[in-house]
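Rule-based calculations on the coordinates, nothing more; no lab input. Predicted model, so just to flag it, every value in this text is computed and none were measured. Don't worry about glycine lacking a Cβ; one is built from the backbone with ideal geometry, like all the others, and counts go over all protein chains shown.
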Amino acid sequence: MRALRVAMVCPYSLSRPGGVQGQVLGLARALRAAGHEAAVLAPVDGTAEVEGLEGEELVSLGRSVALPANGSVAPVSLSPRAALRAISAVRAGGFDVLHFHEPLAPGPGYACLFRCSQPKVGTFHRAGAGAAYRVLGPLARWAAGHLDVRCAVSPEAMSTAFGALGGSYEVVGNGVELERFSTAVPWATKGPTVMFVGRHERRKGLGVLLDAWDRISGEARRGAPAGEGATLWVVGEGPQTAELRRRHPPGPGLEWLGRIGDEDLASRMAGAHLLCAPAIAGESFGMVLVEAMAARTAVVASDIPGYSFVGASHASLVPPGEREALAGALSAGLADARSGTGTCAPEALDAAFDRARHWSMEALAARYVGLYGALVD
């Protein structure tokens, strides 16, 4: 197949960490590594420098504003100028295919859907009912009708999109840049270590984890061995950070790390013994679980569809929002970490790594290139 030129349209600011932004940037890098050309069109706040993109590979669509969405905050651009800039970039870029991520999120993507003639692929990421589809109604269904191919990152995301829009979808999954985690130098630890990565908001379940950790720490002070000398790393920030830090101040067994760079994230993921993903709802695909499995780190997570789809038998799954169950699963995981058995046994971690390879970014890029090629042909 000849080299293709693809425009990746992302509604969310690349200056803010997020799952969709990470997928867009990772997929663009994988497409370029495979010999294709990929440009990213997205809002950018502050500097136009984004890791891994330069020159014509990045078209900044201006600054973003924060809109409540799906229990979180979406940094999108609502400026008419951003829409005009997007249309102009597409028309001047000689692209073969336009690839919209979260295609019906508010922003300049709508202008490209309606005004640009290239074949169009749309990937739906979100899971769970939201106000946007209800408010947009027929407009959203009409806009979705401009997509030539609809993809979803998981069965849960497909169900959400189908319920609101109808139509047919291909489940393609998300992608992990496998080597970044599998070859990371593990961060040095002084004892069994648990890691949380995510935005500090209710749906991510950090409050549930911290309450469970208090219980584990209390039992350790009373002589229970599981939590003795154990540490919880909390990565990220969000609207609940100040309140949760006040209720659970940093100490010998609890480190608040804030936002950290990609290299440190991979290193700490490889160094941690357990990754805890306690989200309550709203997760269409457990990307952080895949990253942990790629780093050969055991996983404890909520039993929600997006996580069970990814983790399957390779993660310890507990009912969402139940502190006692989470504390029990973490205590068992810490015991495994001390002994190197159970979920932390080498053969168990190798099996989880094999599952993570199923979602390599290279494999995802190849899947999309097949879709692009069929449209172009």
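Need one number for the chain: average projected area of the convex hull over its C-alpha atoms, nm².
17.8
Can you give the charge dipole size of the chain about its Cα centre, rounded to the nearest 20 debye, using +1 on the beta carbon of Lys and Arg and -1 on the beta carbon of Asp and Glu?
900
Per residue of segment 185-190, what does 6.51 cos²θ - 1.76 cosθ + 1.60 with θ = phi - 60° give for ³J(HN,Hα)? Whole Hz please, x for Gly and Pro, Karplus curve as stated.
Result, rounded to whole Hz: 6, x, 5, 5, 10, 9.
Note the angle between two axes, namely the Cα long axis of helix 346-357 and the longest principal axis of the Cα atoms of the chain, as a number of degrees from 0 to 90, rounded to the nearest 10.
10
Count charges around Leu61 for me, please; just the other residues with Cβ under 13 Å from its Cβ, Lys/Arg as +1, Asp/Glu as -1.
+2
Within segment 224-300, list the trypsin sites (Lys or Arg not before Pro) lying in a DSSP loop whose Cβ has at most 13 other Cβ atoms in a 10 Å radius.
Within segment 224-300, the qualifying trypsin sites (Lys or Arg not before Pro) (loop, at most 13 other Cβ atoms within 10 Å) are Arg259.
Scanning the chain for GluC sites (Glu not before Pro) in DSSP loops with at most 13 other Cβ atoms within 10 Å, what's the longest stretch left with none?
55-377
Along its principal axes, what span do the Cα atoms of segment 203-295 show, with the longest given first and each in whole Å?
Computed over segment 203-295, the largest-to-smallest principal extents equal 37, 28, 23 Å.
Using a ≥ b ≥ c from the Cα gyration tensor of segment 182-229 (square roots of the eigenvalues), is it rounded, prolate or oblate, where a/c under 1.5 gives rounded and otherwise the larger of a/b and b/c decides, a/b for prolate?
oblate
Angle between the Cα long axis of helix 155-165 and the longest principal axis of the chain, 0 to 90 degrees, nearest 10?
The answer is roughly 40 degrees.
Can you sort Thr241, Thr297, Thr193 from fewest to most other Cβ atoms within 10 Å of each residue's own Cβ?
Lowest to highest Cβ neighbour count: Thr241, Thr193, Thr297.
Classify segment 152-202 as rounded, prolate or oblate, taking a ≥ b ≥ c as the square roots of the eigenvalues of its Cα gyration tensor: rounded when a/c is under 1.5, otherwise prolate if a/b is larger than b/c and oblate if not.
Oblate is the answer for segment 152-202, as a/c is 1.5 or above yet b/c matches or exceeds a/b.
Would you order Phe181, Phe309 from fewest to most other beta-carbon atoms within 10 Å of each residue's own beta-carbon?
Listed from fewest to most nearby Cβ atoms, that is Phe309, Phe181.
Give me the Å³ per residue figure for the convex hull around the C-alpha atoms of segment 179-357.
Output value, Cα hull per residue: 100 Å³.
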